[in-house]
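Engineer: One structure coming up, written as structure tokens, with questions to follow.
Each value in this text was obtained by applying a stated rule to the coordinates, not by laboratory testing. These figures come from a predicted structure and were not determined experimentally. FYI the Cβ positions are ideal-geometry reconstructions off the backbone, even for glycines, and counts take in every protein chain you see.
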């Protein structure tokens, strides 16, 4: 059974991604045109939720960790696609973290 040490780099990427997704969503709420950022905010919140769940399952050594990592990679890719379209620093940071997390989760799910 795999455990925290086997998944450590992916867990850390998921936790960093979740934190930056939350930060991005929070910052998007302060933008002048919040309505324009609605899709970004929704993706940020969903991505953070899945990243936290994936990190938890990996740290528990769950036999469902690979399934969640696959889903996490998909959510991170979707969030990356949205955030990378926006010039704001918080969106660019989020996009970068999502891209890295997607790569590691895809490796873990393989």
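Engineer: Contact list please: Cβ distance under 7 Å, first residue in the range 80-109 and free of Cβ contacts under 8 Å to residues at least 24 places away in the same chain, second residue in a loop (DSSP other than H, G, I, E, B), pairs at least six apart or on different chains.
Structural biologist: 95/84
Engineer: Let me ask something else. Identify all residues within the range 73-110 that are part of a helix (DSSP H, G or I), over 14 Å from residue 17 (Cα atoms) and touching a helix residue (DSSP H, G or I) at 6+ places or on another chain (Cβ under 7 Å); write none if there are none.
Structural biologist: 82, 106, 108, 109
Engineer: Among the residues of the range 27-48, which ones are in a helix (DSSP H, G or I) and touching a residue at least 24 places away in the same chain (Cβ under 8 Å)?
Structural biologist: If the condition is that a residue be in a helix (DSSP H, G or I) and touching a residue at least 24 places away in the same chain (Cβ under 8 Å), then 27, 28, 37, 39, 40, 43, 44, 45, 46, 47, 48 are the ones that fit.
Engineer: Could you check how many residues of the range 53-72 are surrounded by fewer than 24 Cβ atoms within 10 Å (Cβ to Cβ) and in a helix (DSSP H, G or I)? Break it down stepwise before answering.
Structural biologist: Just the residues of the range 53-72 that are surrounded by fewer than 24 Cβ atoms within 10 Å (Cβ to Cβ), to begin with: 53, 56-57, 59-64, 66-68, 70-71.
Within this subset, residues satisfying the condition of being in a helix (DSSP H, G or I) are 53, 56-57, 59-60, 66-68, 70-71.
Number satisfying all stated conditions: 10.
Engineer: Determine if the range 14-22 includes at least one residue that is assigned to a helix (DSSP H, G or I), touching a residue at least 24 places away in the same chain (Cβ under 8 Å), closer than 17 Å to residue 97 by Cβ and over 11 Å from the mean Cα position of the chain (by Cα).
Structural biologist: Within the range 14-22 (the criterion being assigned to a helix (DSSP H, G or I), touching a residue at least 24 places away in the same chain (Cβ under 8 Å), closer than 17 Å to residue 97 by Cβ and over 11 Å from the mean Cα position of the chain (by Cα)), the answer is no, since none of the residues qualifies.
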